[in-house]
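Values quoted throughout were computed directly from the atomic coordinates according to the rules given, and no laboratory measurement underlies them. For clarity, every value in this text was computed on a predicted model and none was experimentally measured. A quick note on method: Cβ atoms are made from the backbone with ideal geometry, for glycine too, and the neighbour counts reach across all protein chains shown.
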Amino acid sequence: MLFTKVTIVGNSVALRVRPPEKYPDNLNYSRLLESTLNNSNIKPPVLIDNRSLGASTVYNVINHIDHFIQAFPDIYIINLGVVDASTREVPLWFYRFASSKKDCFLCRITRMLYRNVIIKMRPFLVKLRGKRSWIKKRKFKKYYNKLLATLLRETNAQIITLPINLADNRVEKELPGSRKKHQQYNEIIKKLSEKYNQYFVDLSDLEPQMHYPDGVHYNINGHQVVAERLSSKIKEILQNR
């Protein structure tokens, strides 16, 4: 059977429902989007391929680009940036080591140090490090540009980009300076989408309390809104083909 394939390239924002819910309220926007489009009797039917992975940066995606190219969808949805842009209390390499599931003495010591000491000093350490992001703006722009250019060249798919959810007061208190970074990186995402004549879905009107109460991940209401807006954009793309 012929179908329209949509592949999502993202991080945990495209996966998690927060707070956690029980079925059917635990469905993320990828599952809701597939259901919404197919219930509208769109032809051919739509298949959503969610290849998101928690804590992914744009650099991680570039390093595994073949995994995303070989999906060969008709449409990509790119939902990246919050991991890259948010200010951090430790360098990325330290976080990766501290979150490693390897069972070695140094790993256990690092995990204990991170969980019991560093986390409690997070706002102070963020400021001490100069409110640095894990991926600098210049590099983020370079990597995001490479991601769009590569996917367009290798697959000829259409691309929909999503912005970063702006940090709420809780996140801003823990990771000071993140909201400003999110705004700056969103501008990069929007401008690169325009550069390649692709589709940027504006979500700036979403409110943390109503749509992403933990300051990062959508609740069921947020996932429903994102699914509805993506559904409208995908219908527009398919009609224009």
Dimensions (Å) - the chain, Cα atoms, principal axes, largest first: 55, 38, 36
Highest-MSF residue in the chain out of Y29, Y212, Y59 [GNM, Cα springs under 10 Å]: Y59
Alpha-carbon gyration tensor eigenvalues x 5, square-rooted, for segment 29-144, Å: 36, 17, 15
Sites K136 and F105, calculated FRET efficiency, Cβ-Cβ separation with R0 35 Å, nearest 0.05: 0.60
Debye intensity ratio I(q)/I(0), log10, segment 149-241, q values 0.11 Å⁻¹ (C-alpha model): -0.38
Separation between Cα centres of segment 137-163 and segment 22-78, rounded to whole Å: 16 Å
Globularity ratio of segment 76-212, using Cα Rg and 2.2 N^0.38 Å: 1.20
Simple Cβ-charge dipole of the chain, Lys/Arg +1 and Asp/Glu -1, about Cα centre, in debye nearest 20: 1280 debye
Amide H partners (placed H, <5 Å) of I77, local residues excluded: T7, I8, V9, I160
Positive dipole terminus of the chain, leading residue within V61, L192, I119 (C-beta point charges): I119
FRET efficiency, M121 to R31 (Cβ-Cβ, R0 41 Å, nearest 0.05): 0.60
Proximal lysines relative to K173, as straight alpha-carbon distance under 20 Å, when same-chain residues fewer than 8 apart are discounted: K120, K127, K131, K181
Cα-projected label distance for K191 with I69, points at 7 Å along beta-carbon direction, nm: 2.8 nm
Antiparallel DSSP beta bridges within the chain, percent to nearest 5: 5 percent
Cross-link reach list, aspartates and glutamates versus K139, counting only Cα pairs under 12 Å and skipping chain neighbours closer than eight places: D84
For segment 11-62, the fraction of alpha-carbon pairs in successive 5 Å shells from zero, as %: 4, 18, 21, 19, 17, 12, 7, 1
Top of H217, H182, H67 by mean-square fluctuation, Gaussian network on the chain, Cα under 10 Å: H67
Average projected area [Cα convex hull, segment 82-147], square nanometres: 5.2 nm²
Karplus 3J(HN,Hα) series, Hz, for segment 197-212 with 6.51 cos²θ - 1.76 cosθ + 1.60 (x for Gly, Pro): 6, 9, 10, 9, 9, 6, 10, 5, 7, 5, 10, x, 4, 8, 10, 8
For S52, distant residues with modelled amide H under 5 Å away: G10
Added length on full extension, which subtracts the Cα-Cα distance from 0.36 nm per residue, K180 to N145: 10.5 nm
Inter-label distance, nm, simple model (7 Å from Cα along the C-beta direction), R241/N60: 3.0 nm
Whole-Hz couplings from phi, Karplus 6.51/-1.76/1.60, listed for segment 185-193; x for Gly and Pro: 6, 5, 5, 5, 4, 5, 5, 5, 4
Karplus (6.51, -1.76, 1.60) ³J(HN,Hα), θ = phi - 60°, over segment 95-100, in Hz, Gly and Pro reported as x: 4, 4, 5, 5, 9, 5
Whole-angstrom Cα spans of segment 108-180 along principal axes, big to small: 48, 31, 19
